[in-house]
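The values are calculated or read from the model by the stated rules, or taken from the named source; none is laboratory data. Since the model is a prediction, treat every value here as computed from it, not as a measurement. Here the Cβ positions follow ideal geometry from the backbone for every residue, glycine too, while neighbour counts run over all protein chains shown.
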Amino acid sequence: MSCWNCPRYSRTERRCREGKANPKRKSDSFAVAESLGIRALCHYNPYREPLAIRMFFPDLPYTIQIAAENKKTARRGLLLRMLIEEISAAANPVSDPTQGVE
């Protein structure tokens, strides 16, 4: 959720009423959580809960499983299919009648 749509955002003051930070990038969210603590992140930040789980329960099997999952599986699947198609096309070239003709 963007800050502008948040019920805790003051449009007149143009800032969060609770003083929370809502970084747009994941790396910025990590930096805020490491330097100021997890409570400094907005409740609507999409990275807050996974960060809290990793910070407070790093050895739980659930945490390790979540960290091991790739969030970009659809893109990775598409890339793998494209690579497999390229490899199979290179291994089984289709004879082109225009090749070799001058």
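Quickly run through segment 1-36 and pick out the residues that are exposed (fewer than 13 other Cβ atoms within 10 Å of the Cβ), assigned to a helix (DSSP H, G or I) and among the polar types (S, T, N, Q).
Scanning segment 1-36 gives Asn5, Ser27, Ser35.
Pairs needed: first member in segment 39-53, among the hydroxyl-bearing types (Ser, Thr, Tyr); second member anywhere, at pLDDT below 85; C-beta distance under 7 Å; at least 6 residues apart or different chains.
Tyr44/Met1; Tyr44/Cys6
I need a count of the residues in segment 37-55 that are within 21 Å of Arg17 (Cα to Cα), part of a helix (DSSP H, G or I) and in contact with a Phe, Trp or Tyr (Cβ under 9 Å, 6 or more places away or on another chain).
Total meeting the criteria: 1.
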